[in-house]
Amino acid sequence: MNKRFHLKIDIDSEVRAIDSLAFNCDLSRSEIKRVMNCGAVWLTKPHRKRLRLRRAQHALKSGDFLEMYYDKNLIEATPVTPVLLDSENDYSIWYKPPLLLSQGSDYGDHMSLLR
């Protein structure tokens, strides 16, 4: 079963990220931490840029906006290891195996070459 969803939470009081996410979805706290570590949770503070949130204990304040993008198949996938072919002062050359993403998405960045 491919369980996939997008959760949006407007924060209206001081709360830890893990508590807010656990209250608003049916995932266990350990699964939420795993999703956060994979880069699928985003925090937007008023008048600031949207950033990935990886710390479960991060204190949220009123006015913050939290998003979680969950894709069970992507979270459970194991990244393939890229191979460094050459490294120069200004650049490096890598072999990127199939299934390894060039960059992350809203649903996570743990399967990307950059991570």
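Let a ≥ b ≥ c be the square roots of the eigenvalues of the Cα gyration tensor of region 25-88; is it rounded (a/c under 1.5), or, if not, prolate (a/b larger than b/c) or oblate? Oblate, because a/c is 1.5 or more while a/b does not exceed b/c. One decimal place: the segment ASP86-LYS45 gains 10.8 nm when fully extended, by the rule 0.36 nm per residue minus the C-alpha distance. Counting only protein heavy atoms and a 1.4 Å probe, the chain has 64 square angstrom of accessible area per residue.
Loop-located chymotrypsin sites (Phe, Trp or Tyr not before Pro) across region 21-105 with a Cβ neighbour count of 11 or fewer within 10 Å are TYR91, with loop assigned by DSSP.
When the expected Rg is taken as 2.2 N^0.38 Å, what fraction or multiple of it is the alpha-carbon Rg of the chain? For the chain, the normalised Cα radius of gyration comes out at 1.22. Distance between the pseudo-spin-label points of LYS61 and GLN103 (7 Å out from Cα toward the beta carbon): 3.0 nm.
Taken one residue at a time, the phi angles of region 90-95 give Karplus couplings (6.51, -1.76, 1.60, θ = phi - 60°) of 9, 7, 9, 10, 10, 8 Hz. Gly and Pro are set to x.
Under 5 Å from the amide H of LEU53 lie the amide H atoms of VAL41, TRP42, LEU43, each residue being 5 or more positions distant or on a separate chain, with H modelled from the backbone and absent for Pro and chain starts. About its Cα centre, the dipole of the chain is roughly 220 debye, where the only charges are +1 on Lys and Arg Cβ and -1 on Asp and Glu Cβ. Placing unit charges on each Cβ (+1 for Lys and Arg, -1 for Asp and Glu) gives the chain a dipole about its Cα centre, and among ILE93, MET111, SER13 the Cα reaching farthest toward its positive end belongs to SER13. Sequentially through region 98-114, phi angles give Karplus couplings (6.51, -1.76, 1.60; θ = phi - 60°) of x, 6, 8, 7, 6, 8, x, 10, 4, 7, x, 10, 6, 9, 9, 4, 5 Hz, Gly and Pro residues having no value and appearing as x.
Taking the square roots of 5 times each eigenvalue of the Cα gyration tensor of region 50-115, largest first, gives ellipsoid semi-axes of 30, 16, 9 Å. Pairs of Lys residues in the chain, spaced 8 or more positions apart or belonging to different chains, with C-alpha separations under 18 angstrom: 10 in total.
The values are calculated or read from the model by the stated rules, or taken from the named source; none is laboratory data. Keep in mind it's a predicted model, so treat the numbers as computed, not measured. All Cβ positions, even for glycine, are placed from backbone atoms using ideal geometry, and neighbour counts span all protein chains on display. The protein model used for the area step is the full one, side chains on, heavy atoms only, and it has no ligands, DNA or RNA in it. Shrake-Rupley method; radii C 1.70, N 1.55, O 1.52, S 1.80 Å.
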